[in-house]
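Below is one structure, written out as structure tokens, with a few remarks after it.
The values are calculated or read from the model by the stated rules, or taken from the named source; none is laboratory data. Just so we're clear, the structure is a prediction, and the values are computed from it rather than from any experiment. All Cβ positions, glycine included, derive from the backbone under ideal geometry; neighbour counts span all protein chains shown.
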Ligand code: OAD
């Protein structure tokens, strides 16, 4: 079994993995966040510069939804795969922290984490988002604190991206789960895995720009497909 026998596995996830936990994805028609809200206004440095309070309120609302949500069978199956396959690397675009709450050990968070803050002026990490904080607090440098997530037009954190790149270049098996494969540089990773000889599996109920390039497309919800993959592994372990 390819999964049992591989020695370098990458599990790459997107918003679709948290959809079954009630967290809206970004681009699903009607229900997606970007169908309702303007990413330029709410998820960009310019938007925060112009109206920090509105951006803060929006992320505070999203964060509350993430805190209220529970991990789902996809998160838990991925955490169990990581326990059983110690050479598995989890790379996520999700900022909701549900992988960690499901018991996943390390996760490379390419787009940051909504439960943490950093300074908008000096970029310094400012720790966990404090409870009952109704407006962006001031940092010791005088700058405003903002959610520690990656906004449009911003670079990813270099060492996180480099670690994801290295693990992907070495991957024998690469799962791309619940992502529309539209946002770069993250969306480049599955192609990088393929170029380096990795076997590429996509898990998504919909077709994406990646589907035609995958060695195997498992068409379905992650909350169904990932537990089935885990069960198959356990059966042959
Ligand atoms: P998208 O909303 O672009 O795509 C979600 C994908 O999940 C779609 O392809 C859906 O078909 C699929 N999907 C929906 N329900 C699913 C389920 N139950 N199981 C499996 N797949 C399901 O979200 P991302 O690809 O994660 O960036 O978006 C990438 C980035 O764009 C995000 O990290 C965010 C956003 O702007 C930043 O914040 C920087």
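Observations
- If you go through the range 180-225 and keep only what is closer than 20 Å to residue 77 by Cβ, part of a loop (DSSP other than H, G, I, E, B) and more than 9 Å from the ligand (Cβ to nearest atom), you end up with 214, 219.
- Residue in the range 182-197 that is nearest to residue 85 (Cα to Cα), counting only those that are touching a residue at least 40 places away in the same chain (Cβ under 8 Å) and surrounded by fewer than 23 Cβ atoms within 10 Å (Cβ to Cβ): 186
- Filtered residue count, the range 167-184, keeping only those that are more than 16 Å from residue 210 (Cα to Cα) and touching a strand residue (DSSP E or B) at 6+ places or on another chain (Cβ under 9 Å): 4
- Within the set 153, 112, the sole residue that is surrounded by 20 or more Cβ atoms within 10 Å (Cβ to Cβ), within 12 Å of the ligand (Cβ to nearest atom) and within 19 Å of residue 44 (Cα to Cα) turns out to be 112.
- Selection of the range 136-179 for residues being in contact with a helix residue (DSSP H, G or I) (Cβ under 7 Å, 6 or more places away or on another chain), over 20 Å from residue 16 (Cα atoms), in a loop (DSSP other than H, G, I, E, B) and modelled with pLDDT of 95 or more yields 136, 154, 171.
- Within the range 38-58, the set of residues being within 11 Å of the ligand (Cβ to nearest atom) and farther than 23 Å from residue 176 by Cβ comprises 42, 44.
- Look at the range 28-40: where a residue is closer than 22 Å to residue 154 by Cβ and assigned to a loop (DSSP other than H, G, I, E, B) and a partner is within 9 Å of the ligand (Cβ to nearest atom) and at pLDDT 75 or above, sitting 6+ places away or on another chain with Cβ atoms under 8 Å, you get 32/24; 32/25; 32/26.
- The range 5-26: number of residues that are out of contact with any helix residue (DSSP H, G or I) (no Cβ under 6 Å at 6 or more places or on another chain), under 18 Å from residue 189 (Cβ atoms) and in a loop (DSSP other than H, G, I, E, B): 4
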